[in-house]
1. Take segment 255-275 and flag every residue that is more than 23 Å from E78 (Cβ to Cβ) and either touching a helix residue (DSSP H, G or I) at 6+ places or on another chain (Cβ under 8 Å) or outside any strand (DSSP E or B) (or both).
2. For segment 89-110, what are the residues that are touching a residue at least 24 places away in the same chain (Cβ under 8 Å), part of a strand (DSSP E or B) and farther than 30 Å from Y12 by Cβ?
3. Being of a type in the set (A, V, I, L, M), under 18 Å from R265 (Cα atoms), within 15 Å of the chain's Cα centre (by Cα) and at pLDDT 95 or above is the requirement here; does V209 meet it?
4. Right, L207: surrounded by fewer than 22 Cβ atoms within 10 Å (Cβ to Cβ) and of a type outside the set (F, W, Y) or not?
5. Considering only segment 145-177, how many residues are crowded, with 18+ Cβ neighbours inside 10 Å and among the acidic types (D, E)?
6. Answer yes or no: is there a residue in segment 4-16 that is modelled with pLDDT under 95, surrounded by 13 or more Cβ atoms within 10 Å (Cβ to Cβ) and touching a Pro at 6+ places or on another chain (Cβ under 7 Å).
7. Quick one: P33 ticks every box in (1) over 21 Å from the mean Cα position of the chain (by Cα); (2) over 30 Å from S220 (Cβ atoms) bar one, so which box is it?
Amino acid sequence: MRFRFSLDTTTYEVDLSRPTPIGIPVEFSGQQPNFFEADMAQARALELGGFVGDTRRGGSCNVETLTITPHCNGTHTESAGHILDQAISVLDVVSPIPCLALVVSVRPEPAEHSDDSYSVPLDPDEQLITRRALDLALKPLANSSLAQALVVRTLPNGADKRWRRYRGASSYPFFSIEGMQRVLETQTSHLLVDTPSVDRAQDDGKLWVHRMFWGIEQGSRTAPPQGLPERSITEMIYVPDEVADGLFLLDLHIAPFAVEAAPSRPILYPLRTVP
């Protein structure tokens, strides 16, 4: 299945028969990624009166109660409500309409080898997604200004990201202040990353980089007077190696939970320009 659409002065053809999901499925009874030492996602049979929601235990059907912390148990998409007092549903900031997404592979840099900064002191070997690393990844890509979403794949790209347990302040790469400024210069509305957070796990509660992305004053817990941009952050994705850097069509599926963060299933579709 293919269809064509035009954006600006370019016509694209998208192949809907070649989807690549980049969300990590939540295996409730198997391996799953984990962040912040939260409880693992769990599924248990509903037991109510004489009813047992498990056919293996004599029940008439299977009915499960799920327990999950979206921020910690797998791929999730979040709104600015993640850091504000206001209840802002992620469903209100992500359109159901697919958009162009730019996939970039970025090699993080040790803090000791970078001039970039962060909101708290860092150990020399902590890995930063820097302005320089993003510049190197973005420079060779054409039509990058047309993308509404930026998908960041960090290198090396181990398959164990699909079930990795992230423990400690320096267990994954995160954005430097200058790195996030470079992201903002792309004017992206939706940022997707294969780490559990765009910020350091322990940053004295500042969440500085989150605040930069949503244009929220540091330390504030209320939306700015000019309002919030309709932007989202999706964390803990996994982009397979066979997906090349470049432009794709992104369909960002989100569980219909009216909360500040919900499990999500981003899907990439290959594009080609039509002469």
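The values are calculated or read from the model by the stated rules, or taken from the named source; none is laboratory data. A quick note: this is a predicted structure, and the numbers were derived from the prediction, not measured. Glycine also receives a Cβ, built like all others from the backbone with ideal geometry; neighbour counts cover every protein chain displayed.
1. If the condition is that a residue be more than 23 Å from E78 (Cβ to Cβ) and either touching a helix residue (DSSP H, G or I) at 6+ places or on another chain (Cβ under 8 Å) or outside any strand (DSSP E or B) (or both), then P275 is the only one that fits.
2. Answer for segment 89-110, where residues must be touching a residue at least 24 places away in the same chain (Cβ under 8 Å), part of a strand (DSSP E or B) and farther than 30 Å from Y12 by Cβ: just E109.
3. Taking the combined requirement at face value, the residue does not satisfy it.
4. Yes; evaluated as a whole, the condition is true for this residue.
5. The number of residues fulfilling the criteria is 0.
6. yes
7. Tallying (1) over 21 Å from the mean Cα position of the chain (by Cα); (2) over 30 Å from S220 (Cβ atoms), P33 fails exactly one: (1).
Here's the yes/no breakdown for (1) out of contact with any helix residue (DSSP H, G or I) (no Cβ under 7 Å at 6 or more places or on another chain); (2) more than 20 Å from L91 (Cβ to Cβ); (3) hydrophobic (A, V, I, L, M, F, W, C):
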| residue | (1), (2), (3) |
| --- | --- |
| D204 | yes, yes, no |
| R231 | no, no, no |
| M236 | yes, no, yes |
| H253 | yes, no, no |
